[in-house]
Amino acid sequence: MSDTIAASTGDTTQPPAGNERRISGVSIRLEGVTKRYSGQGKPAVDAVDLDIPAGQMVMFVGPSGCGKTTLLKMLNRLVEPTSGKIFLGDEDVTGQDPDQLRRRIGYVIQAGGLFPHMTVATNIGLVPGMLKWDKQRISDRVDELLELVGLDPEVYRDRYPRELSGGQQQRVGVARALAADPPVLLMDEPFGAVDPITRQRLQDELIRIQEELGKTIVFVTHDFDEAVKLGDRIVVFDVGARVVQYDTPEAILADPAEEYVADFVGAGATLKQLTLTRVSDVELIHPQVTRAGADAAEVVRQATAAGEKYVVVTDRRGRPISWPSVAELSRVATVPDTVDEKLPVVGLRSTLNDALDTMLAASQGGVVVTGRGGVAGVMVVETVMAAIQRTREEVQG
Ligand SMILES: Nc1ncnc2c1ncn2[C@@H]1O[C@H](COP(=O)(O)OP(=O)(O)OP(=O)(O)O)[C@@H](O)[C@H]1O
Ligand SMILES: [Mg+2]
């Protein structure tokens, strides 16, 4: 019945978006989509037209009650539209069986929306189970997805949601939504309930996952910084889901369409430009890096020769776990494998805002930066300050 969608999942017939990004998503088109809840005068969503290109992450922002959730839920028909049409790719799905549709559209809500009485593996395997995949295939897929969202399968697959932190639950929620490799992912304020640092890591991971998978993602948020950071495009809505502006983050920051958008963007637009600067855009310092378990005296010798005061220690997979001083290392025989839970770490795709937040949260003057191959470098607060200065000068002309 919806072979079009199934066929376009994981297929690369569509042209890559500019920078050769892989696209496994399909486009979404809304034509005059309206929702009138019974007993309410004005429609919650009033005749919305919208085109969402395949493989893009499009952010929905706007005041509370303006219809963002209603619009999102009409896409997977958790809410039945009163009128209008919805297309996935070329296929009109307005009349399609909602159960079938939902298997092709992943849905992530706050706190992951996990079933508390099911293990992580069972939660993630729900849709593949409905699709009658065999047990081995489901269990392989669960492990693959846990790896993708940064959770060790051995540790987490048999846990229950209550045995996870908020951020971990959210990761499992994302894994579950991706289980059957749907071309479309809907996310309704998924990171709204976690602390700022966890939120920033989840955002970084979502960026990485999206770079890998190229889904079409519709993401509702209250946080304009989050919209700027994650979005390929942002839709700014007003009451009745009226589209006030639909453009790239850069364009909206530079030229808000109406006073209303300018207010929403906020007075700190100059500083918000910082949200557009990625850690990968600035010069990093290349620190001394060593593996846990290495001979400490040798590491100290090398670091001293290189004039370094600190050394980044990684686990056997190259992930940073601590950042001791040379003085500390000179007091031990082997480099310890202790994981510093407070270690300030950001990804290359993190924004300078995030890096600054992370430093402040850890009360440190620097952060370790990770990339694909492990530690990509170190960034110090002076670099952020210099970049802020540069950004200000550029924005002011
Ligand atoms: N099930 C429902 N029955 C009646 N009215 C509803 C229902 N769900 C939402 N509404 C109304 O429709 C409008 C849009 O609600 P919606 O939840 O889509 O807003 P939202 O933009 O997601 O808001 P928020 O940012 O607070 O999540 C609101 O006026 C709301 O009161
Ligand atoms: Mg909502």
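The values are calculated or read from the model by the stated rules, or taken from the named source; none is laboratory data. Remember, predicted model here, so these are calculated numbers, not experimental data. Neighbour counts run over all protein chains shown; Cβ positions are idealised from the backbone, glycine included. Accessible surface is based on the protein model in full, side chains and every heavy atom, while ligands, DNA and RNA are left aside. Shrake-Rupley method; radii C 1.70, N 1.55, O 1.52, S 1.80 Å.
Restricting to segment 193-220, count the residues that are within 16 Å of ligand 1 (Cβ to nearest atom) and modelled with pLDDT of 85 or more. Walk me through how you get there before you give the answer.
Restricting attention to segment 193-220, the residues satisfying the condition of being within 16 Å of ligand 1 (Cβ to nearest atom) are 193, 218-220.
Of the ones still in play, those that are also modelled with pLDDT of 85 or more are 218-220.
Residues flagged as within 16 Å of ligand 1 (Cβ to nearest atom) and modelled with pLDDT of 85 or more within segment 193-220 amount to 3.
Taking segment 361-374 only, how many residues are farther than 12 Å from Val282 by Cβ and open to solvent by less than 40 Å² (accessible area, probe 1.4 Å)? Step through it out loud before you land on a result.
Taking segment 361-374 and keeping what is farther than 12 Å from Val282 by Cβ, we get 361-366, 368, 370-374.
Then keep just the ones that are open to solvent by less than 40 Å² (accessible area, probe 1.4 Å); that gives 362, 366, 368, 370-371, 374.
Within segment 361-374, residues that are farther than 12 Å from Val282 by Cβ and open to solvent by less than 40 Å² (accessible area, probe 1.4 Å) number 6.
Residues of segment 146-166 include at least one that is without any contact (Cβ under 8 Å) to a residue 12 or more places away in the chain and either among the small types (Gly, Ala, Ser) or not in a helix (DSSP H, G or I) (or both). Of the helices (runs of 4 or more DSSP H) entirely within segment 94-139, those holding at least 2 residues that are in contact with a Ser or Thr (Cβ under 9 Å, 6 or more places away or on another chain) and more than 14 Å from Asp181 (Cβ to Cβ) occupy 98-103. Scanning for something within 22 Å of Thr383 (Cβ to Cβ) and over 23 Å from the mean Cα position of the chain (by Cα), does segment 290-303 turn up at least one residue? Looking through segment 290-303, at least one residue is within 22 Å of Thr383 (Cβ to Cβ) and over 23 Å from the mean Cα position of the chain (by Cα).
Condition check for Met130 on (1) open to solvent by 60 Å² or more (accessible area, probe 1.4 Å); (2) within 16 Å of ligand 1 (Cβ to nearest atom): one failure, at (2). Yes or no: segment 341-350 includes at least one residue that is modelled with pLDDT of 90 or more, open to solvent by 80 Å² or more (accessible area, probe 1.4 Å) and not in a strand (DSSP E or B). So far as segment 341-350 goes, no, none of its residues is modelled with pLDDT of 90 or more, open to solvent by 80 Å² or more (accessible area, probe 1.4 Å) and not in a strand (DSSP E or B).
The residues listed here are Val194, Val228, Val184; of these, the one that is more than 16 Å from ligand 2 (Cβ to nearest atom), surrounded by fewer than 23 Cβ atoms within 10 Å (Cβ to Cβ) and hydrophobic (A, V, I, L, M, F, W, C) is Val194. Out of Gly41, Gly125, Gly67, Gly89, one residue alone is crowded, with 18+ Cβ neighbours inside 10 Å, within 16 Å of ligand 1 (Cβ to nearest atom) and either at pLDDT 95 or above or not aliphatic (A, V, I, L, M) (or both). It is Gly67. The single condition among (1) modelled with pLDDT of 90 or more; (2) closer than 18 Å to Lys215 by Cα; (3) open to solvent by 30 Å² or more (accessible area, probe 1.4 Å) that Arg104 does not satisfy is (1). Among the candidates Val335, Val339, the residue that is in contact (Cβ under 8 Å) with a residue 40 or more places away in the chain and in contact with a Ser or Thr (Cβ under 9 Å, 6 or more places away or on another chain) is uniquely Val335. Residues in segment 242-265 that are modelled with pLDDT under 90 and farther than 21 Å from Asp232 by Cβ: 5 in all.
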